[in-house]
Amino acid sequence: MAKLIALTLLGMGLALFKNHRFSYQTRLNALREVQPIELPNCNLVKGIETGSEDLEILPNGLAFISSGLKYPGIKSFDPNNPGKILLMDLNEEDQTVLELGITGSKFDLSSFNPHGISTFTDEDNAVYLLVVNHPDAKSTVELFKFQEEEKSLLHLKTIRHKLLPNVNDIVAVGPEHFYATNDHYFLDPYLKSWEMYLGLAWSYVVYYSPSEVRVVAEGFDFANGINISPDGKYVYVAELLAHKIHVYEKHANWTLTPLKSLEFNTLVDNISVDPETGDLWVGCHPNGMKVFFYDSENPPASEVLQIQNILTEEPKVTQVYAENGTVLQGSTVASVYKGKLLIGTVFHKALYCEL
C-alpha cells in the first residue's frame, strides 16, 4: 500500500513539475548567496558545538537552549549521543552554558532528541518547559518543571497523540496546553521524503489540551516555527519551504482564523517574539539546499530577520545579520534580551551579539 501511494504521489509530482512554482530547487532557494551583514560585537557561545536549534529567554535573562538534534536528512556533529537542554544566563559577561540535569524516573535520557521548545510561567511563577522530543524517530512533547535552585528539570509528563506525529515546534499557552506544528503529514520515512520533494503542502498546526486535540490550520509546505503575540491574540506560523510567515487571529475557543501572510527570499525557521515590542525575530536559511545537502566546503549560511509592526499594512522587515557559514552554519532561531541578540543553529554553534 505504501509503495502504491508513493507511486501515485510520483505521478502527481511529474505533473506538478511542469510548473516552475513547484520546483524543488526554487522551494529550497538553491541559488541564493548571502551578502554579509555584521554586528559590532559577536562571540561564539562557549560549550555549544552540536546545535542550538531552539531557544527561549525568560524575563530574568535565563535562556533555555535545545541542543544535539538528530533529524532525518540533516547533518549531526554528534550522532551517537543524546541531546540536552542547556541553560545560559544572559546577564553574565562570560557567554557560556550549563547542561541542565533531568530528573524523573520514567524519562529515558538515552533517547532524548530535543527539537522545538517553549516555556510557560504560571501565576505562582513556576516555570514549565515544554520540549518537542524525537525518541527513536517518533514525536512526543515532554513536560518539565524548571528547578532554578538545583539548575535542573523535573520531568512531569510525556505527551503523545495521533495528531502529533511529526512535531517540529510548539508554543505553550498553559502548562499542558499548546499549539504545535507538524512539518510532515506522513509517518513513513519513504513517503515523507516524497511529500517534501513534491511539495504536497499537507502539514498542519494542532491545538493540544488534555481534554481536546484538533487541527486548527493546514495546507503548509513544511510547517515550522510557531509563536504567539505578547497579548495572546495572534499566532504566527513559519512555512519553511514556501518562504512565508502566516498571521492568525486566535479565538477564545482556541480556533485560528487566517489574517495575512508575508513572503520572504529565505527559508523561515523558528520565530521569537519580543515581549516588550511585539517584534518578530526569525532565524532563517538563505539557501536550504546547503542545509539538507551538507558540504563542509560550502556550508549553509545564516540569516536573522526582524519584523516590526507585522499587523499593519506595511510591516518593516530588516535583515539584521547575515553570514556565509564561515562563522555560523544553519541559523534556526534568534531572540533578543536587553540589546543583545542570541542566534541558534540546527546542528552547529550559537552566537551572541550586541545590537
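The values are calculated or read from the model by the stated rules, or taken from the named source; none is laboratory data. A quick note: this is a predicted structure, and the numbers were derived from the prediction, not measured. Here the Cβ positions follow ideal geometry from the backbone for every residue, glycine too, while neighbour counts run over all protein chains shown. Keep in mind that these areas ignore ligands, DNA and RNA; they rest on the heavy atoms of the full protein, side chains included. Shrake-Rupley method; radii C 1.70, N 1.55, O 1.52, S 1.80 Å.
Listed by chain and number, the aspartates and glutamates whose C-alpha is less than 18 Å from the C-alpha of residue 162, apart from same-chain residues fewer than 8 away, are 136, 142, 176, 183, 188, 212, 218. Largest first and in whole Å, the equivalent-ellipsoid semi-axes of segment 198-269 read 21, 15, 9, each the square root of five times a Cα gyration tensor eigenvalue.
Under the rule a/c < 1.5 gives rounded, and otherwise a/b versus b/c splits prolate from oblate, where does segment 59-117 land using the Cα gyration tensor? Oblate shape, in that a/c is at least 1.5 and b/c is the bigger or equal ratio.
If you run the Gaussian network model on the chain, springs between alpha carbon atoms under 10 Å, then out of 119, 50, 255 the most flexible one is 255. Using only side-chain charges placed at the Cβ, +1 for Lys and Arg and -1 for Asp and Glu, the dipole size of segment 96-186 relative to its Cα centre rounds to 420 debye.
Of the accessible area of the chain, computed with a 1.4 Å probe over protein heavy atoms only, carbon and sulfur atoms account for 50 percent.
Toward the positive end of the charge dipole of segment 27-172, with +1 on the Cβ of Lys and Arg and -1 on the Cβ of Asp and Glu, the farthest Cα among 45, 147, 163 is that of 163.
For a paramagnetic label modelled at 7 Å from the Cα of residue 122 toward its Cβ, which residues of segment 165-209 fall within the zone defined by backbone nitrogen distances under 13 Å? Within reach of a label on residue 122, which here means backbone N under 13 Å from a point 7 Å along Cα→Cβ, segment 165-209 contributes 174-177. With the simple spin-label model, which puts each label point 7 Å out from Cα in the Cβ direction, the residue 137 to residue 163 separation comes to 2.7 nm.
For the chain, a Gaussian network of Cα nodes joined below 10 Å ranks 280, 311, 62 by mean-square fluctuation, and the top entry is 311. Say we join alpha carbon atoms closer than 10 Å with springs in a Gaussian network model of the chain; which of 49, 99, 150 then has the biggest fluctuation? Result: 150 has the largest fluctuation of those listed.
Electrostatic bookkeeping for residue 78 treats Lys and Arg as +1 and Asp and Glu as -1; over the other residues with beta carbon under 12 Å from its beta carbon, the sum is +2. Between the exposed loop cleavage positions of the chain, defined as trypsin sites (Lys or Arg not before Pro) in a non-H, G, I, E, B DSSP state with at most 14 neighbouring beta-carbon atoms within 10 angstrom, the longest gap is 234-337.
Using the alpha carbons alone, the radius of gyration of segment 71-163 stands to its Kirkwood radius in an Rg to Rh ratio of 0.98.
Charge tally for residue 146 (other residues, Cβ to Cβ under 12 Å; Lys, Arg +1; Asp, Glu -1): -3. Applying a 4.7 Å Cβ-Cβ cutoff to the chain leaves 284 as cysteine residues with no disulfide-compatible partner. Subtracting the Cα-Cα distance of residue 317 and residue 109 from 0.36 nm times their residue separation leaves 70.9 nm of extension gain.
Restricting to DSSP H runs of at least four residues, report the calculated mean residue ellipticity at 222 nm for the chain, -39500 (n - 2.57) per run over all residues, nearest 500 deg cm²/dmol.
Helix-only estimate at 222 nm: -2500 deg cm²/dmol.
Cross-link pairs exceeding 27 Å between alpha carbons, from the set 46/338; 250/316; 75/250; 84/250; 106/349; 290/338: 75/250; 84/250; 106/349; 290/338.
Counting Lys and Arg as +1 and Asp and Glu as -1 over every other residue whose Cβ lies under 12 Å from the Cβ of residue 322, the net charge comes to -3. Per residue, the chain exposes 45 Å² of accessible surface when a 1.4 Å probe is rolled over the protein heavy atoms with every protein chain present. Remark: the Cα gyration tensor places the chain in the rounded category, a/c being less than 1.5.
Stretching residue 74 away from residue 213 to a fully extended chain increases their span by 47.1 nm, per 0.36 nm per residue minus the current alpha-carbon distance.
What FRET efficiency comes out for residue 338 versus residue 151 if R0 is 30 angstrom and r is the Cβ-Cβ distance? Round to the nearest 0.05. Once rounded, the FRET efficiency stands at 0.85.
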